[in-house]
1. Report yes if some residue within the stretch 146-165 is surrounded by 15 or more Cβ atoms within 10 Å (Cβ to Cβ), under 14 Å from the mean Cα position of the chain (by Cα) and assigned to a loop (DSSP other than H, G, I, E, B); otherwise report no.
2. Quickly run through the stretch 26-57 and pick out the residues that are in a loop (DSSP other than H, G, I, E, B) and within 17 Å of the chain's Cα centre (by Cα).
3. Of all residues in the stretch 203-221, how many are surrounded by 12 or more Cβ atoms within 10 Å (Cβ to Cβ), at pLDDT 50 or above and in contact with a Lys or Arg (Cβ under 8 Å, 6 or more places away or on another chain)?
4. Could you list, in sequence order, the residues of the stretch 94-126 that are basic (Lys, Arg) and in contact (Cβ under 8 Å) with a residue 60 or more places away in the chain?
5. Where residues in the stretch 192-201 are modelled with pLDDT of 95 or more and out of contact with any Lys or Arg (no Cβ under 8 Å at 6 or more places or on another chain), which of them is farthest from THR293 (Cα to Cα)?
6. May I ask you to verify whether GLY23 is part of a helix (DSSP H, G or I) and touching a strand residue (DSSP E or B) at 6+ places or on another chain (Cβ under 8 Å)?
7. Exactly one condition in (1) assigned to a helix (DSSP H, G or I); (2) in contact with a helix residue (DSSP H, G or I) (Cβ under 9 Å, 6 or more places away or on another chain); (3) surrounded by fewer than 21 Cβ atoms within 10 Å (Cβ to Cβ) is false for ILE85; which is it?
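The values are calculated or read from the model by the stated rules, or taken from the named source; none is laboratory data. Since the structure is predicted, the reported quantities are computational estimates derived from the model, not experimental observations. Positions of Cβ are generated from backbone atoms using ideal geometry, with glycine treated the same way; all protein chains shown enter the neighbour counts.
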Amino acid sequence: MTSHWTEQHIPDQHGRVAIVTGGNTGLGFETARMLAERGATVVLAVRDIEKGKQAAGRIVGDVTVQALDLMSLASIRSAAAELRISHPRIDLLINNAGVMYTPKRTTADGFEMQFGTNHLGHFALTGLLLNQLLPVPGSRIVTVSSTGHRIRAAIHFDDLHWERSYGRAAAYGQSKLANLMFTYELQRRLLEQGNTIAVAAHPGVSNTELVRNRPAAFRLPVSWLAPLLTQKPEMGALPTLRAATDPGVAGGQYYGPAGMGEIRGYPTLVASSDASHDRAVQQRLWRVSEELTGVTFPLR
């Protein structure tokens, strides 16, 4: 495998349609930009349409904007319906959008904000768009996780929405662990159909606005150390782009930075925690996610 995989390694994307959630800023913007510059038709699926239009105007290529609020199942269903009409064929679904370390809040449907947005929102969107991907040779679903999936992370089936107690980091860890478990279970369910694969990626520690909700005590030290401990969004987007476009990628793989602690560096194949590979928990999470979202996948 290429040791220093860069933007220049992205294959030609002409004729491919890519949906990028959260594509108006940070990692999502860089992902969308690089795909569009390689010729893909890119849809920025974003909550703020005006910001989405501004972002699209900064990208060279075929880029449109789709309203999508991952904190609302009604919005997800509406967006998916519109996308099915405008794009009956989808080659790439990149589940990039997310929230991190938010104060205790719930989504429009009563889900804990981080679990509801990062996992359940993308679970529902993927299920509702899957028929647009399944017939397409080489289609991929890439879900962005985090090294945070290792931090105090477990799937708390007895209190998924943190109603008894709430910890920002633990809730974030649960959501990012769920992203990985979803990818692995989805890949197993995709095996028989032959065209679509599910892959995961993480950006390391990237200097984006995602960390705006980190506790105040960490803001000043992080701002001092940012040049040493983070990488620019265009580097942080490379693991996602490799997972989405590298011909050598296989379903169920996980990509992240190659540097020490996977904090920064060029994208490479990495390993996730032992907990993320627990099949019984993956399958239970899948069933619970279907029940909570009301979305079932057209797969066995």
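1. Just the residues of the stretch 146-165 that are surrounded by 15 or more Cβ atoms within 10 Å (Cβ to Cβ), to begin with: 146-151, 153, 155-156, 160-162.
Of the ones still in play, those that are also under 14 Å from the mean Cα position of the chain (by Cα) are 146-149.
Those left that are additionally assigned to a loop (DSSP other than H, G, I, E, B): 146.
Among the residues of the stretch 146-165, at least one is surrounded by 15 or more Cβ atoms within 10 Å (Cβ to Cβ), under 14 Å from the mean Cα position of the chain (by Cα) and assigned to a loop (DSSP other than H, G, I, E, B), which makes the answer yes.
2. Within the stretch 26-57, ARG47 is the sole residue that qualifies.
3. Matching residues across the stretch 203-221 total 4.
4. Within the stretch 94-126, just LYS104 meets the criteria.
5. Only one residue fits best here, namely ASN195.
6. no
7. Failed condition: (2).
Per-residue answers, yes or no, for (1) in contact with a strand residue (DSSP E or B) (Cβ under 8 Å, 6 or more places away or on another chain); (2) within 16 Å of ARG242 (Cβ to Cβ):
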| residue | (1), (2) |
| --- | --- |
| PRO11 | no, yes |
| LYS53 | yes, no |
| ARG58 | no, no |
| ALA67 | yes, no |
| SER75 | yes, no |
| VAL99 | no, no |
